[in-house]
Amino acid sequence: MTAVHVLDNPVWESLTSDQSDFSLGGQYAKRYPAEFGPFVAIEGPGTLAFSELETIVGSDELVFLAGIAPPLPPVWEIVEDSSMLQMVCKRRADDPVNGDISTLTQVDVPEMLALTGLAFPGFFRNRTRELGTYLGIRVNSTLVAMAGERMMCRGFREISAVCTHPEWLRRGMAGRLVAQLVNSNLEQRLTPFLHVGHGNERAQWLYKKLGFVKRASIRLLLIRKASSYSTFKSPLPVAGLHSR
């Protein structure tokens, strides 16, 4: 099993190109440090890849293998086997009203963690913000919506962490944030892409409205070392993935 398109194995491609400075691992297996995100990647099937993967994943750690996911050796336990829809955008979005949109900084991380924790706990970490630009909207000084950039590989940039506080849904905030990120990336000659759950029709509708089109279904495995799986419960949800 090998990648045909750069986005078929986005974690690997990011960690071996534009984001190599964030990469941990060897020649055949890599990962983001845990404080950046729960994603690991392998170049392709092979004993060396899985041997290297064992050395960079903790014994009680749950991680996501996205994209290239050949049959795993017995040492690995598949906690969840799912997939996500990958979408790309190659045209500008309508210029958003951006008067109340701000760039989020390190000072905002506690609020960013709290907000993303309502939608998809465990995916946004203490240092995820350092992977790209993150934008937010505040109401009465409280962060109620955000979106940002995570993976980056060979001319493509992922839009991620798209979320709105439940009390402020259906006000167009997420669309405005994504539109600004899309246009910024296109101006830099980067093609925006994102991942969303197959069943999340509302989010898919929004992304299509902004110019995104479906590219592929990407396999997503939540895995851990099998040795201590029986005593460990997952803190990470896997259903309804929405631009995590």
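When a/c reaches 1.5 or more, the comparison of a/b and b/c decides; with that in mind, is the stretch 114-154 rounded, prolate or oblate per its Cα gyration tensor?
Judged from the Cα gyration tensor, the stretch 114-154 comes out oblate (a/c at least 1.5, b/c at or above a/b).
On the first, second and third principal axes, largest extent first, how far apart are the outermost C-alpha atoms of the stretch 87-215 in Å?
34, 30, 29
State the three equivalent ellipsoid semi-axes of the chain, derived from the C-alpha gyration tensor as the square roots of 5 times its eigenvalues, in descending order and whole Å.
30, 20, 16
What do you get for trypsin sites (Lys or Arg not before Pro) in the stretch 1-106 restricted to DSSP loop and a cutoff of at most 15 other Cβ within 10 Å of the site's Cβ?
Sites meeting the loop and neighbour criteria: 90, 91, 92.
Is it possible to state the helix-based mean residue ellipticity at 222 nm for the chain, with each DSSP H run of 4+ residues giving -39500 (n - 2.57), the sum divided by total residues, to the nearest 500 deg cm²/dmol? What is it?
Using -39500 (n - 2.57) per qualifying helix, the result is -6000 deg cm²/dmol.
Residue-wise, which Karplus ³J(HN,Hα) couplings in Hz belong to the stretch 130-136, taking 6.51 cos²θ - 1.76 cosθ + 1.60, θ = phi - 60°, and x for glycine or proline?
For the stretch 130-136, the Karplus curve yields 6, 7, x, 8, 10, 10, x Hz.
Amide H of residue 160: which non-local residues (sequence gap of 5 or more, or other chain) have their own amide H closer than 5 Å, using H built in the peptide plane?
Here the answer is 148, 149, 150, since their amide H atoms fall under 5 Å of that of residue 160.
Taking a quarter of the surface of the convex hull around the Cα atoms of the stretch 3-45, what do you get in nm²?
It is 3.0 nm².
Students often check this: by mean Cβ neighbours within 10 Å, which of 144-154, 110-120 ranks highest, and how do the rest follow?
Peptide ranking by packing, descending: 144-154, 110-120.
Based on the mean of other Cβ atoms within 10 Å per residue, sort peptides 39-45, 173-179 so the most packed one is first.
Answer by packing, highest mean first, reads 173-179, 39-45.
Readers should treat all values here as calculations from the given coordinates under stated rules, not as data from a laboratory. What you see is a predicted model, and the numbers here were worked out from it, not measured in a lab. We place every Cβ from the backbone using ideal geometry, glycine too, and count neighbours over all the protein chains shown.
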